[in-house]
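One structure is given below, encoded as structure tokens.
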Amino acid sequence: MTEYWGVKAEDIFNTMKDRFRVEGAKGVDAVFGYDIEGAGKWKLTVKNDSMEVEKTDDLSGCVTIMKANEENFIGVNIGKVDATNAFMSGKVKLEGDMGTFGKTTKMFKKYVPAKKVMGTGDYIQDMFSTLVARFQPQGASGLDVSITYNIGGEGGGVWTAYIKDGKCELKTGQPDKPTTKLNVNEAKDWVDVMLGKTDPFSLLSAGRASIEGKTEIALKLGEIFAKYAPKIKEFTTKDYILDMFGTLVQRFQPKGAADLDATITYDIGGEGGGKWTAYIKDGKCELKEGQPEKPTTKLCVNEAKDWVDVMLGKTDPFSLLSAGRASIEGQTAIALKLGEIFSKYIPPSSGGEAEKEELLVLKKTISVNQRFATGPIMGRFLNALKEKKIFTNKCPKCGRVHLPAREVCAECRIPATEWLEVGPKGQVRYMEYVYFSSPDPLTGETRETPYGMLNILLDGCIGNDTFAHLVRRDQINLIKNGRNDVAGTRVRPVWNEKRVGSIFDIKYFEIDE
Amino acid sequence: MSNRVALCAVAQIKNENDAWHARFQNMLHECFESIMTQTKVSFDMDKGIRNIITCSDDMFDARTISNNGITDVVGAQFRGEEKMSQESINGLGYAMSCIMSGHDDVILFMGHCKESQGESRRMVTNLTFDPFYCRPIGMDHLNVSAMQARAYMKKSGVSEEHLAKIVVRSRKNSKKNPNARDNKMVDEKEVMNSPLLADPIRELHYYPVTDWAYGMLLCTEERAREFTDNPIWITGYGSCMDSYFLGDKDLASNFSLKNASSRAYKMAGIKDPKKEINLFELSDQSAYQLPMWAEGVGIADEGKGGKWIEDGGMDKYNVNLSGGMLNGNPLLLGGAARAIECFLQLRGEAGERQVKGVKKALAQASYGPAAQHQAVVIMEK
């Protein structure tokens, strides 16, 4: 079974029950067959106000059998292929009683493909298919370069933009030596960058992306190509109508309705239509469904689609009126003032509201690489982690154990000279569930949330001598905090295979049972 | 209330090009221990240290609120601790205010900077500039100093040969200072052939990247003898801030230093610095600044810096016998280094470089683009 326009033949059959219109099936008592090449056979049984559809191999007893391939069948059903032409040219064939079969067209509401959530692959395809359209010659003046995007992971691929003489061409694959090559390990990361969810610098510093060749070209990408804006779901007439009336009160302009005491009813017919009334008084506006007995003004529009066109500025209301597709009852003067009473409707597809512009945008990443010394104390602590040991120091005066090791005991103001091994197991004192994670400042990587941050009283420590680390993510709901008189959950470290003398030589702690 | 503040003890580590073996915490702690040993001061709430002033820079430490990682090593747990991210010389002014106001009678003053930790000092100093107008142009302390150097050298007749002389002398002097950064001895030809960084500043004209830390103990006149038999007195302090944007000022005018030093002289009752002050420590981040600051504090005549060098002004007025900042102290800490040298000279503890009979000394420091900020401290025996 193949998808055409994102739809499979079985989608159409599986939704028939929901799309069935009782009034269209009045007086019909018949069995119809569908033989769709490459997809299978279906049998539709209609008996007055009920219907059944089943997938079957046996089409015997059908009054009519429709034969078509998948593409034509789907195309006709979603309006991409003209039904009459398909029939006349033999792409769709009918065997048996053609007259009765004609009634099926009124029996079902139109098939509307379910909106698909865009996946990583869809975004990547969409980004590259719009790349040439997003090319900005003024941002690429004087450039003669090839920019290769090497996107790994699911949905990835290799594309190269060839830019020369203010023109841009996109090809799959890459030349021998592109001017600049952008490697991104995971397509998902690149989608996040393009959607503004991640900044490219954190990807680069986390080693999840790299640039080969001329870096300065990569830094200019924002000038060479306009920002990628994902496709917005197409609004149906019904969506528009609901959105228009949903925003009517907030579009009300008291200035334009000074001294007005009126009820304005909108009676919108056709699919997606309905009846709403705006009650305007004392500079306030309220919207209700339905209408009062005698509204001050009543606007009747036969087809919702026409009203959407008016609101979107595609048709002018006077031509609707003169063509008899709309009418006004009551005070016409108020209808003519609607443009003052309500501000213009702006559809969400144009961003809904005007994009808020920052007064000042400073595109600078402040970054100065650092090289930190450990000194003898920190060095000893970190080196012990390599040996899977938590080896730390203790104040010779008050006995306080430092985690991590410290140069001095802060309270006694003397060097902490005694060394001892503690843990590595211990009990949880505090755990925090973190739901919103900011990138790790050292690596730029974002942790998965929620995660649990722990303070652990390692064996051999007392009081507040606790050690901070993370807990195994699937165990965060099982951790109990302890106090001096109550034991917390026992935990043990899970060591990294490769240990380099860092806090992440311990991956995390897990429950010790 | 006496109008002088006692400096009872100083501590420092050796200036190093890369203190790879120590965190700044280790560096500070060494100074802290030294002050404790020298003075036997306590942290008693009535009789001991209740307040610690620290000096450090967020950008060099790569953490915001750079003092948060040093509380324990400067003994500040459960005591007051106030950080200054300005030239360290202001810490002396601040300590004086704490003491002379009567709020505190003992102040511990500690500072650190590891310039070697960052990839590039010039990248760090680029961040001191206005992010919208100046950073994008690539301004940093070095290239902006070069602008000032051109303007000043023209005004005061300072030549490339003069600069070479200053560098050679600085290196020679540093040999006699055991805490100075170990630098190669150079001759004037080497200086004049060293790479040009930002015309007219050559590599050897500019202070090298350095790691350093220090500590000082200050107190009221009344309590000084509890901590030392030989206190040194801080009798004058003045500071002055000039415009942030370079275009707003005459780069060669020395306005802020003249202003700062005249305030310090007034406070210390000095009428003629040439006659009354025996030793000068000036913060020469770059060689051209030595004669320029000498003009600013009044030991060289205005616009005559070049001639002053030729006439032997540097030795006549005992200027930068420590090797000066030019030999290597980290940014921010030049002022503390100058004051520590004055302290040692006044106490007669300056070893091979000791000048006989030093009674009054001056420490000067500057900070900011083309020395926007200037401060001067007068110290007496």
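Tell me which of these A:Ala405 doesn't satisfy, since it passes every other one: (1) open to solvent by 40 Å² or more (accessible area, probe 1.4 Å); (2) within 12 Å of chain B (Cβ to nearest Cβ); (3) part of a loop (DSSP other than H, G, I, E, B).
(1)
Out of all the residues in region B:54-94, which are within 9 Å of another protein chain (Cβ to nearest Cβ) and among the small types (Gly, Ala, Ser)?
Residues satisfying the conditions are B:Ala62, B:Gly75, B:Ala76.
What pairs come up if the first residue lies in region B:14-32 and is within 10 Å of chain A (Cβ to nearest Cβ), the second is surrounded by fewer than 17 Cβ atoms within 10 Å (Cβ to Cβ), and their beta carbons are under 7 Å apart, counting only those six or more places apart or on different chains?
B:Gln25/B:Gly69
Would you mind stating whether B:Trp233 is at pLDDT 95 or above and open to solvent by less than 10 Å² (accessible area, probe 1.4 Å)? Give the derivation first.
Numbers: at pLDDT 95 or above: yes; open to solvent by less than 10 Å² (accessible area, probe 1.4 Å): no.
Here the answer is no, as B:Trp233 does not meet what is asked.
What tally of residues in region B:105-141 results from selecting those that are touching a Lys or Arg at 6+ places or on another chain (Cβ under 6 Å) and either away from chain A (no Cβ under 14 Å) or β-branched (Val, Ile, Thr) (or both)?
1
For the list (1) of a type outside the set (Asp, Glu); (2) open to solvent by 10 Å² or more (accessible area, probe 1.4 Å); (3) in contact with a His (Cβ under 9 Å, 6 or more places away or on another chain), I need the number of the one condition that B:Arg225 fails.
Unmet condition: (3).
Conditions first: (1) closer than 20 Å to A:Asp11 by Cα; (2) in contact with a strand residue (DSSP E or B) (Cβ under 9 Å, 6 or more places away or on another chain); (3) charged (D, E, K, R). A:Asp82 passes all but one, so which condition is the exception?
Of everything listed in (1) closer than 20 Å to A:Asp11 by Cα; (2) in contact with a strand residue (DSSP E or B) (Cβ under 9 Å, 6 or more places away or on another chain); (3) charged (D, E, K, R), A:Asp82 misses just condition (2).
For region A:407-419, state whether one or more residues are touching a helix residue (DSSP H, G or I) at 6+ places or on another chain (Cβ under 7 Å) and within 30 Å of A:Ala206 (Cα to Cα).
no
Can you tell me which residue among A:Thr45, A:Thr56, A:Thr100 is within 21 Å of A:Val31 (Cα to Cα), touching a residue at least 40 places away in the same chain (Cβ under 8 Å) and out of contact with any helix residue (DSSP H, G or I) (no Cβ under 7 Å at 6 or more places or on another chain)?
A:Thr100
I'm checking my understanding of the structure. Among residues of region A:382-396 that are within 14 Å of A:Val408 (Cα to Cα), surrounded by 15 or more Cβ atoms within 10 Å (Cβ to Cβ) and of a type outside the set (D, E, K, R), which one is nearest to the other protein chains (Cβ to nearest Cβ)?
Filtering first and then ranking leaves A:Cys395.
In region A:413-424, what residues are part of a loop (DSSP other than H, G, I, E, B), more than 9 Å from chain B (Cβ to nearest Cβ) and surrounded by 16 or more Cβ atoms within 10 Å (Cβ to Cβ)? Steps first, please.
Of the residues in region A:413-424, the ones part of a loop (DSSP other than H, G, I, E, B) are A:413, A:416-417, A:423-424.
Then keep just the ones that are more than 9 Å from chain B (Cβ to nearest Cβ); that gives A:416-417, A:423-424.
Residues satisfying the conditions are A:Ala416, A:Gly423, A:Pro424.
Would a scan of region A:152-162 turn up a residue that is open to solvent by 40 Å² or more (accessible area, probe 1.4 Å), modelled with pLDDT of 85 or more and out of contact with any Gly (no Cβ under 8 Å at 6 or more places or on another chain)?
yes
Tell me, which helices (runs of 4 or more DSSP H) lie completely within region B:283-365 with 2 or more residues that are surrounded by fewer than 24 Cβ atoms within 10 Å (Cβ to Cβ)?
Counting at least 2 such residues, we get B:305-310, B:313-316, B:334-347.
Give the residues of region A:176-190 that are among the hydrophobic types (A, V, I, L, M, F, W, C) and touching a residue at least 60 places away in the same chain (Cβ under 8 Å), sorted by residue number.
Scanning region A:176-190 gives A:Ala187, A:Trp190.
Would you kindly identify the strands (runs of 3 or more DSSP E) lying entirely within region A:206-306 that contain at least 2 residues that are open to solvent by 40 Å² or more (accessible area, probe 1.4 Å)?
Passing ranges, in order: A:209-213, A:274-281, A:284-289.
The values are calculated or read from the model by the stated rules, or taken from the named source; none is laboratory data. Just so we're clear, the structure is a prediction, and the values are computed from it rather than from any experiment. Neighbour counts run over all protein chains shown; Cβ positions are idealised from the backbone, glycine included. For the accessible areas, the whole protein counts, side chains as well, though only heavy atoms, and no ligand, DNA or RNA atoms are used. Shrake-Rupley method; radii C 1.70, N 1.55, O 1.52, S 1.80 Å.
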